[in-house]
Amino acid sequence: MDEPIAKARRMAFNAPYDPEPMIARIKDLLKKHNESYREASLRSGLDHQAIRRIFAGQKPQMHICILLADHFGVNPNEFLQLAGWPTLKAFDVSAVDSSNLPPEATEIAMAVARISEPGVRREVTDAMLTLLKKYFSD
């Protein structure tokens, strides 16, 4: 994205929005976290109807995407992209300098980054973190 964020945001505001990918991802996360729409909305710091409005097809504002992503533990750029907003450099994990990482860590990060489905990518990451915690707890 080479254009200023303000211009990209204005363009995204007027662009058509397909709510289905966002709805599917939130439903998946609600099931995974065993939460109702209302519980997740309130725990995200939003009003109790926020997720219900998304499910009704309303495009969530950028701050709603960020708060929901924070609550569910996913990268906010994922939700911003699903909602049709421009991604933000502040949440760009590809900007991490791999020269400070061991080659093995870079190799794993690159393999995980190639997983296109956000839910699957999160599950793989969670599985790897579980293995690492188990390794270091012994």
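The values are calculated or read from the model by the stated rules, or taken from the named source; none is laboratory data. From a predicted model like this one, the values you see are computed outputs, not experimental measurements. Cβ atoms come from the backbone with ideal geometry, glycine included; neighbour counts cover every protein chain shown. To get the accessible areas, we keep the full protein, side chains included, count just its heavy atoms, and leave off ligands, DNA and RNA. Shrake-Rupley method; radii C 1.70, N 1.55, O 1.52, S 1.80 Å.
Restricting the stretch 103-138 to residues that are among the hydroxyl-bearing types (Ser, Thr, Tyr) and open to solvent by less than 100 Å² (accessible area, probe 1.4 Å) leaves a set whose member that is nearest to Val74 (Cα to Cα) is Thr125. Can you tell me which residue within the stretch 78-102, out of those that are at pLDDT 80 or above and part of a helix (DSSP H, G or I), is most open to solvent (accessible area, probe 1.4 Å)? Within the stretch 78-102, the match that is most open to solvent (accessible area, probe 1.4 Å) is Lys89. Applying the condition of being in contact with a Pro (Cβ under 7 Å, 6 or more places away or on another chain) and surrounded by 12 or more Cβ atoms within 10 Å (Cβ to Cβ) to the stretch 1-21 and asking which residue is nearest to Ala90 (Cα to Cα) yields Ile5. Scan the stretch 6-24 and tell me whether some residue there is in contact with an Asp or Glu (Cβ under 7 Å, 6 or more places away or on another chain) and not aliphatic (A, V, I, L, M). Checking the stretch 6-24: not a single residue is in contact with an Asp or Glu (Cβ under 7 Å, 6 or more places away or on another chain) and not aliphatic (A, V, I, L, M). Among residues of the stretch 1-25 that are under 15 Å from Glu78 (Cα atoms) and basic (Lys, Arg), those with a beta-carbon under 7 Å from a residue that is part of a helix (DSSP H, G or I) and modelled with pLDDT of 85 or more at least six positions away or on a different chain give the pairs Arg25/Leu82. Looking at Ile54, Ile64, just one residue is more than 21 Å from Asp126 (Cβ to Cβ), under 12 Å from the mean Cα position of the chain (by Cα) and crowded, with 18+ Cβ neighbours inside 10 Å, and that residue is Ile64.
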